Structure formats: C-alpha cells, structure tokens
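Notes to accompany the following structure.
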C-alpha cells in the first residue's frame with residue numbers, strides 16, 4: 001500500500017525535515033537520502049522503520065537547514081591555498097583564474113558540528129518515528145477504503161451465489177422428470193437398472209450444490225480474514241480469492257443454463273476486482 005509522512009523539528013536556528021514515501025511491496029525495501037552527519041544513525045533508523053512499517057518500497061529523505069550562518073560549512077583556506085600553489089606549478093595563471101577550479105576539488109569545505117549530540121540523535125529518531133507513524137495513518141485510511149470496496153465486491157458475489165442457489169434448488173428434480181418423460185416415449189427395450197445408474201451419473205454432473213456450499217464458506221472466510229489485524233493477511237486473502245475462483249468456475253462449467261451463466265459472469269467480474277485490490281494489500 002502507498003503512504004506518505006512528513007515531520008519537522010524547528011528549534012534553535014535548526015530545521016530538520018524528514019519525508020517518507022512508501023509504495024506497495026511484498027517486503028521492506030528501504031532507501032535513504034540523508035546528510036552525512038546522520039549516517040551513523042542509519043542502522044538504528046532502519047530498525048525503527050522495520051518495526052513500524054513492516055513492508056513496502058520506502059524512500060526516506062532527510063533535509064537539514066541552519067538559520068545561523070556560523071553553523072554553515074566553512075571554507076578550508078589552507079587547503080585552497082595549497083591547491084592554488086599546486087595548480088600554479090602546473091600552469092602559471094592568476095589566482096582569479098585558478099580559484100574556480102580549486103573550489104571544485106575535494107575537502108575545500110569543512111562542516112562544523114559534524115558530531116551529533118545525544119539530544120540531536122534523539123530529535124532525529126523522534127522526528128523519524130513521527131513521520132513513519134504518519135505513513136501508517138495514511139496506509140490505515142487507504143486500507144479502510146480498500147476494505148469497503150472488497151466488502152462491496154464480496155457482497156455482489158454473495159448475492160449472485162444466493163440467486164443461483166435458489167434457482168438451482170429444483171433444477172435436478174426438473175431435469176430428472178424431463179428425462180423420464182422422454183424415456184417413456186422410447187419403444188426400444190432397455191435395462192432399467194443400468195438406466196438408473198446412468199441417470200444418477202448424468203444428474204451428478206448437473207449438481208452444483210456442493211460448489212455453492214463451499215463458495216458460501218469461502219465468502220465467510222474472506223470476510224473474517226479481512227477484519228484480522230495481521231500484517232500478512234493480504235497473502236491469505238489472495239489464497240482465498242483463488243479458492244473462490246475455482247468454485248465459481250466449476251459452477252459455470254456445470255450450470256448448463258443461460259440464466260445461471262449470467263450470474264456466474266457477474267461473480268467473475270466482481271472477483272477480478274477483488275484480485276486487483278488484494279494486490280495492494282500483499
């Protein structure tokens with residue numbers, strides 16, 4: 001499931017902002033863009049996010065701004081002068097000409113306060129946790145909408161299941177009666193016992209009561225699983241949806257009736273929507 005969270009800390013001339021974006025994924029994939037001074041906390045940050053978010057393709061962006069100019073990176077004058085001297089030895093040009101090149105070389109700037117105090121570390125982790133909790137809230141809100149849609153589609157399947165069950169109640173008896181009437185019109189001799197056996201075998205192919213009972217069970221099982229508070233229920237819902245599909249397909253294959261086939265098509269349509277939505281919960 002997708003999610004977004006943002007948290008800020010603004011005090012003492014320093015502004016820390018953490019943004020977390022999450023896309024659906026079966027596992028947890030963390031990607032950090034973080035200032036160097038916070039690199040030492042990345043391992044702890046990963047543990048925090050693993051505990052809170054569980055899964056998803058997660059991008060974490062950390063931004064830090066300083067209002068006090070003294071906290072900005074300082075020019076390392078000694079390094080710049082050394083670079084200029086070396087460049088002049090290669091090409092005797094003026095300082096003005098060589099300075100742009102020297103400023104692009106390593107270690108020209110040196111940051112102050114690279115060491116994080118315990119307070120700064122705690123501020124970072126608290127801000128990160130706040131942003132992660134916002135992602136969870138975002139996911140929860142999206143999950144409620146997803147749950148409602150799944151319930152609606154499941155209700156459609158249940159409605160068609162009941163309609164088929166009512167239509168199929170006297171279906172076998174009617175078909176048997178019709179076959180017996182047609183047999184009475186035959187003038188050829190036949191083995192009555194063998195005929196009864198073949199008739200039972202034939203009518204069993206028409207009987208969809210067992211499939212309807214299993215389908216009703218799967219629908220109830222899906223609903224019960226949907227309200228479970230477990231991070232892995234998405235996979236379980238996917239498995240149940242597959243079982244629902246098997247029963248619907250079997251009913252369609254054995255229906256042999258235009259009206260019942262229309263009901264089956266409607267169930268398949270709702271089931272496809274369920275499968276698409278379940279992919280967002282895997």
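The values are calculated or read from the model by the stated rules, or taken from the named source; none is laboratory data. Treat the numbers as computed from the prediction; the structure is a model and nothing was measured. Cβ atoms come from the backbone with ideal geometry, glycine included; neighbour counts cover every protein chain shown.
Inspect all residues belonging to region 70-84 and state whether any of them is over 30 Å from residue 135 (Cα atoms), assigned to a helix (DSSP H, G or I) and within 44 Å of the chain's Cα centre (by Cα).
yes
Would you point out which residue out of 122, 156 is part of a helix (DSSP H, G or I), at pLDDT 85 or above and more than 29 Å from residue 21 (Cα to Cα)?
156
Among what's in region 232-268 and is within 23 Å of the chain's Cα centre (by Cα) and in contact (Cβ under 8 Å) with a residue 40 or more places away in the chain, pick the residue that is nearest to residue 216 (Cα to Cα).
244
Looking at 31, 10, 36, which one is closer than 30 Å to residue 233 by Cα and either more than 17 Å from the chain's Cα centre (by Cα) or surrounded by fewer than 16 Cβ atoms within 10 Å (Cβ to Cβ) (or both)?
After ruling out the rest, the residue left standing is 31.
Looking only at region 20-43, which residues are in contact (Cβ under 8 Å) with a residue 60 or more places away in the chain, touching a helix residue (DSSP H, G or I) at 6+ places or on another chain (Cβ under 7 Å) and under 21 Å from residue 4 (Cα atoms)?
20, 22, 24
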